[in-house]
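Q: Sharing a structure with you now.
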Amino acid sequence: INGLSPNRQQVNDRTAFSWQPVLGARVYQMQVFTLQAADAPLASSRVQEDIIEPRFVVGMVLPADMTSAPLSELVKPKLRKDRRYLWRITAHDQSGRMIARSAESSFIYQPEAANDTGQ
């Protein structure tokens, strides 16, 4: 799956995550991962000869007619401010079988303040 956005950007609660549609998809799953080292750029990065394994944090299931969505109200509480995350999209057919998967993209979560006065 191509065209993932955002990538290597800061996001807030209203940022739309988007991707290109996949023919035959009935549902998409957005998966968010964290890394053991907060500053590691990709899951395949090495730190002192150890491979950093991404850890699943949260996901969203979206219908096939959606190829763009902000983070849901169930996802946002699972994320921490100023933390780098990886995300990817998988496409699944009517049987639930995965038919496509994107490479990982990254973002840094910057939630909006609850009482933001615009200052």
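The values are calculated or read from the model by the stated rules, or taken from the named source; none is laboratory data. If you're wondering where the values come from, they're calculated on a predicted model, not measured in any experiment. Counting neighbours? That spans all protein chains shown, and the Cβs are built from the backbone with ideal geometry, glycine included. Note: accessible area is taken over every heavy atom of the protein model, side chains too, but ligands, DNA and RNA are not part of it. Shrake-Rupley method; radii C 1.70, N 1.55, O 1.52, S 1.80 Å.
Q: Please specify each residue of segment 1-16 satisfying the condition of being open to solvent by 70 Å² or more (accessible area, probe 1.4 Å) and either within 21 Å of Leu74 (Cα to Cα) or among the polar types (S, T, N, Q) (or both).
A: Scanning segment 1-16 gives Asn2, Gln9, Gln10, Arg14.
Q: A further question on this structure: Can you pull out the residues in segment 96-107 that are part of a strand (DSSP E or B) and in contact (Cβ under 8 Å) with a residue 40 or more places away in the chain?
A: Ile99, Ala100, Arg101, Ser105, Ser106, Phe107
Q: Now a separate question. State which residue pairs qualify: first residue modelled with pLDDT of 90 or more and inside segment 47-74, second residue open to solvent by 60 Å² or more (accessible area, probe 1.4 Å) and part of a loop (DSSP other than H, G, I, E, B) in any location, beta carbons under 7 Å apart, and separation of 6 or more residues or different chains.
A: Cβ pairs passing all conditions: Ala64/Arg26; Thr67/Gln20; Thr67/Pro21; Pro70/Arg14.
Q: Just need a number here: residues in segment 84-95 that are open to solvent by 40 Å² or more (accessible area, probe 1.4 Å) and either touching a residue at least 40 places away in the same chain (Cβ under 8 Å) or of a type in the set (Val, Ile, Thr) (or both).
A: 3
Q: Please go through segment 17-34 and pick out each residue that is outside any loop (DSSP other than H, G, I, E, B) and open to solvent by less than 50 Å² (accessible area, probe 1.4 Å).
A: Hits for segment 17-34 are Phe17, Ser18, Val27, Tyr28, Met30, Gln31, Val32, Phe33, Thr34.
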